[in-house]
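As structure tokens, the structure follows; a few thoughts come after it.
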Amino acid sequence: METHSLKPLLACAASLLAVIPIVAFRHRPNLREASTFVAALVKFGIVLSMLPVVLGGETIRCTVWEVLPNVSLAFRVDSFGLLFALVASSLWIVTTLYAVGYMRGLKEHAQTRFFAFFAAALSATLGVAFSANLLTMYVFYEILSLSTFPLVTHHQDHSARTGGRTYLTYLLGTSVGFALPAMIYCYAKTGGDMAFSGAGALAGRVEPAAAGVLLLLFVFGFAKGGLMPFHSWLPGAMVAPTPVSALLHAVAVVKVGVFCIFRVITGVFGVGFLQQVGFIHVVSLVAAFTVVVSSLIALSQDSLKRRLAFSTIGQLAYITLGVSLLAPKGVTGSQMHIAMHAFGKITLFFCAGAIFEATGKKYISELTGIGKRMPLTMTAFAIGAMSVVGLPLTGGLLSKFYLVMGTVESRQFGMTAVYLLSSLLNAAYFFPIVFNAFFRKPENPDFIGVKEAHPCCVAALCFTAAASVFLFFCPDPFFSLAGMTTETCFETLVGD
Amino acid sequence: MADHAPAILLIAPLFAAIAVTLAGLRRPARGAEGPDREAGDDSVEFPPFQEDKVCFMLTLGALTVSLVAALTMLGQVIDRGVVRYFVGNWTSPLGVGIELRVDHLNALALVMIATVALLAAFYSHRRVEDETPGKSPQFYAMFLLCAMGLMGMTVTGDAFNLYVLLEVAALSGYALVAMGDKRAAVAAYNYIIIGTIGASFYLLGVGYLYIKTGSLNMAGIQEVIAGGGLAGSRTIQVAFILIVLGVWIKMAFFPFCAWLPNAYSHAPSSSACLLAPLVTKVSIYVMIRMMLTVFGPAFVFEAVDWHGAVVWLASIGIVVASLIALAQTELKKMLGFLIVAEVGYMVGGAWLANHNGMVGAIYHILSDAFMTLCMFLAAGILIHRTKREDIAGLTDLYRKMPLSMAAFTLAALSMIGVPPTCGFFSKYFLIRGGIEAGQWQYVAALLFASLVNAIMFFRIFEKAYFGELSSEAPELEAEGEDDGYDHRVDMPPAFREAPLSMVAPLLIASVGLLFIGLNTREIVTVIEQTLNLFALAGGGA
Amino acid sequence: MDFLHDILIARLNYWIYVILMMIGLHAMIAKNNLIKKLIGMSIFQTAIILFFVSVGVKDGGTIPIVSHHGHDDAHAETAHADDAGEAAGHVDGHGEIDPDAHDNPLPHVLMLTAIVVGVATLGVGLAVSQKIYREYGTLEENELLEKIRSTDG
């Protein structure tokens, strides 16, 4: 069942159009930020308005432009796309609030550029979420890489430029070097019809060996997903201002990477086809390796943001691993994890930024006793950490539960062990921070007189922390959306 | 009138060139000869001559007429198919008379040439008197002749006529290059030698063709070769080798490319904006025209069967030229080597011997002409403003010249191949052709070149956008270098944008990149109208 | 001797043009003096012109000029009907034209244009050489390169 509507296009364009007022009001910060807010709310509103339709079992289509013969730029909103769009657009509102507090609190330069490119990046994110075929997805994927580059190099100093260089080298290098030829190969083999479908557009059209190579090209080509060995752009990108790290490098950009991998596995190859090909185990192994190794690296990081970055790499690999199991529960768990990890990790980044804004500290070893001075922030941090580790009363538990169930379902008990081991490691690199902040004596003398950060920041991080808890009790609509997607992915199998 | 569009297309600039020369004769001499021209910067402003203005207006007018004629013909071709025009109404059966023949392929190319020439002319308005002091009329006369020659090469249906127009374009091109800076004369001299060798090879090839087929008309030659079973003839093969070799030299295909970067970087920027986008592209058009309509794909890809080797050569050329470009420190030199790499794209694509490769090559002629135009316009403007030729001189330009840099960015993204600019789509077709032909080395070379381009241009962006804020900027203390948490204040941007007559063509050209990219389907449909006549592998979809 | 005849004598014009062309090409590439290079260029182009002209010549052919004996209209008609594109030939008693009795004029006509092109190229080449001499004070390529290197650093 399909309905046609301009809504996906509008949702995508809302933030892009916001660039105009943002630039126009560059000398009037209040109006500039107001227009960002309006755009964020409008965007979220449009995305939300599509929810009932999609929950009703329909997909929304919108063909924008037939750019090549038989190949068009087109949007198609299904349950998975909408899930991701909901996460990204709702968190944009919160991040905007946070960004206002952070950027003003630190008197950052070039704020107009910051907000403008931020809005553009969000457009690209929704473009990926709603894309109906491989070409559209690739187009927005590249736009996202480029629009976030100015955000990464925001500080314009040596380390920012180095970080930006690493960022682009990895992201453009892999997407142009691997994903682009793989995509064109698909088009050449299928004659142009590469719309995503549950059955998989490639199924039966390429030989298994070629399919295996293509799969690897895609999985590594979408390096935003952070699979090792193409992960080092993410720690490098931590030179960006914290709102960027929070929304883009914990939610939008990195999730776009795993989103693309998920789409390719379920929509381009199709679960059934991949089960025949059997090459997917390579992806599982790489993901499992990434999960464990990145957690170990995170343990050794003293810079808070870098520790969070390596934690993100591990959590992204959870998602890739989950879908690569090709088991219904694993696939559901992957989607859930996109949402749950987003809320948890963004809280952690918000806290890291708030601490820096208030104290100027960014190393974990300097944070003893900070909990007394910034109790709200550190409580939120503890909740975020619980969610990422997957402890009860936070949303992270649900997704991790499904992921583990997926390993059992597909009888890959080695992967079960990987998930459990990594959860322990997560706990090992997060809870010492919380413990030190609240209970360790003596307090760092620099903290005398330190208060909570800018109220906007505190409000934002409290909200996302609360949301993490709320999602434990009420995981809808994410849960139902994920379930619908899984059904579509596996319905062809049941038919066989 | 519309019936005579093919003739009007050429006559307008030709007559305008004569008129411009005549107008120039009335202009009083102003002894600004060679050695003085070092002083030709902004500080020494001569009052403009009335005659110069007349020359400029004549140039614009003539090129506008040509553009209108080209557009008319594009419309005619799409509506009614091939337009044939017999000069002097002499319809000789075996083509002694000169035929102008417009099909879907060259109608597009003509629109492209006329547009690019018009934009370049607009740009030249403010620069000519600076760069070639006292010689504006001569410059415009050469400019018009060169544009006329290029359009003539494209529109003609006669192999010998093509040689003559090739030389018209080349001779005026030599003069345009030689008007440049001190080293331009040397670059022009090398260009003359190489260009003459190329043209002579071409002429020799035409001679062999004539000996065997008795015709100079392209369609006539094709009829004789295909109908007479001459595909195996050694004479025809020699003719083909000579013609292809000649055209390769003309288009600076690797390894015949040494002259190009020097010629274009030392030419006056107004000349480079005409020559760089068009001369190589029209040569590639000629090569494709020869391959398709004169010799025919059956001959080129089956009887001769070197396409594997040519694609290898193109791939090597792409890689080598990209790497050399990366090593350049001067902007214009870098662009020159990039053109050489782009030529490799197109030659390789055309020789892939399949439908998508050929579509990609032809589409890339179009998109690359606009990309190169954009690049050279931007380079001209930037160098004019910064007074520095090296890339290091571009620091912090986004604040000073936001419009120019925005257009430059767009062109660079297109060069890298970022969607939805046209550069992405030409690469899409070329890579797809490469995959279908199984020429993986070519695919790899294209991807490699994209990445090298990315490195090259992001190096510039980094300088121009994210460079250290210049020393006059009030800078607060920078704390916390490592993770980049430092504080700086906003400072008012100092606008120093170039004059509108220079920036406007640049902006139009850069919007054109998006326009071409978004209209890929229409353009490809037009290209396919012609290609479907030739049974290329993987076509007819 | 047959071999010699086939390769050398029957194709003498080709040999001559190839040799001339090689001489020209050698001068263009290997000579040090810019003017000598241009002379080479002229030789190169002239070789091609010779080639074309020799191609038009026929055994026993004469100058391709139609002699008019009165009936102009009839001759004009036949001239157009001549499908080789060669101008009207010798008119015999019945008003027929024999193309074999005349040289092919078309290559010769083409070469008129090519000569013009050649002269123009030479002119531009000389003008540019003059400019080079004015800028650098030399026409020897090696000295020129040295001067360029020393000014550019």
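Just so you know, all these numbers are worked out from the coordinates, no wet-lab data involved. Keep in mind that what you see is a predicted model, and the values were worked out from it rather than measured. A quick note on method: Cβ atoms are made from the backbone with ideal geometry, for glycine too, and the neighbour counts reach across all protein chains shown.
The table for this structure:
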item: In Hz, Karplus ³J(HN,Hα) per residue of region B:443-455 (6.51, -1.76, 1.60; θ = phi - 60°; x = Gly, Pro); result: 4, 4, 5, 4, 5, 4, 5, 4, 5, 5, 4, 4, 4
item: Calculated [θ] (222 nm, deg cm²/dmol) that DSSP helices of n ≥ 4 give over the protein assembly as shown, each run adding -39,500 (n - 2.57); result: -23500 deg cm²/dmol
item: Degrees separating the helix B:5-25 axis from the principal Cα axis of chain B, which is the longest one; result: 50 degrees
item: Hull-based mean projected area of region B:274-335, where the convex hull spans the alpha carbons, in square nanometres; result: 5.1 nm²
item: Estimated Rh, the protein assembly as shown: Kirkwood, alpha-carbon pairs, angstrom; result: 32.8 Å
item: Region A:1-102 - Debye-derived log10 I(q)/I(0), Cα point model, q = 0.12 Å⁻¹; result: -0.47
item: Sequence-separation-based contact order of region A:300-458, relative, with Cα cut under 8 Å and 6+ spacing, percent; result: 33 percent
item: Quarter of Cα convex hull surface for region A:169-255, i.e. mean projection, nm²; result: 6.5 nm²
item: Vicinal HN-Hα couplings computed from phi for region B:146-161 (Karplus, 6.51 cos²θ - 1.76 cosθ + 1.60; Hz; Gly/Pro x); result: 5, 4, 4, x, 5, 5, x, 4, 6, 8, 6, x, 10, 5, 6, 4
item: DSSP-defined antiparallel bridges as percent of all bridges, the protein assembly as shown, nearest 5; result: 80 percent
item: Once exposed loop trypsin sites (Lys or Arg not before Pro) are cut out (DSSP; at most 12 other Cβ, 10 Å), longest piece of chain B; result: B:31-386
item: Residue A:195 long-range amide H proximity, modeled H, under 5 Å; result: none
item: Sequence of B:113, A:261 once ranked by neighbouring C-beta atoms within 10 Å, starting from the fewest; result: A:261, B:113
item: Cα centroid of region B:124-150 to Cα centroid of region A:204-231, whole Å; result: 54 Å
item: Region A:430-496 - Rg (one decimal) and Dmax (whole number), Cα, Å; result: 21.6, 68
item: Relative contact order, percent, chain A [alpha-carbon distance under 8 Å, six or more residues apart]; result: 15 percent
item: Rg followed by Dmax, in Å, when region B:333-394 is reduced to its Cα trace; result: 14.9, 46
item: Calculated log₁₀ intensity ratio I(q)/I(0) where the Debye formula runs over C-alpha points of region B:253-368, q = 0.20 Å⁻¹; result: -1.05
item: Overall Cα dimensions of chain B, principal axis frame, Å, largest first; result: 81, 61, 42
item: Kirkwood hydrodynamic radius of chain A, Cα pairs, Å; result: 22.3 Å
item: Anchor residue A:361: lysines whose Cα lies under 22 Å away (excluding residues fewer than 8 positions away in-chain); result: A:107, A:305, A:345, A:372, A:441, A:451
item: Exposed-site-free run, longest, chain A (rule: trypsin sites (Lys or Arg not before Pro); DSSP loop; at most 15 other C-beta within 10 Å); result: A:206-410
item: Average beta carbon contacts from partner chains per residue of B:353-365, 10 Å cutoff; result: 0
item: Within chain B, longest stretch free of exposed GluC sites (Glu not before Pro) [DSSP loop, at most 10 other beta carbons within 10 Å]; result: B:46-471
item: Shape metrics for region A:74-170, restricted to C-alpha atoms - Rg then Dmax, Å; result: 14.9, 43
item: Average Cα contact separation per residue, chain B, under 8 Å, 6 or more apart, as relative contact order %; result: 14 percent
item: Normalised alpha carbon radius of gyration of region B:79-143 [divisor 2.2 N^0.38 Å]; result: 1.66
item: Listed residue (B:404, B:429, B:445) projecting farthest to the positive dipole end of region B:387-457, Cβ model; result: B:404
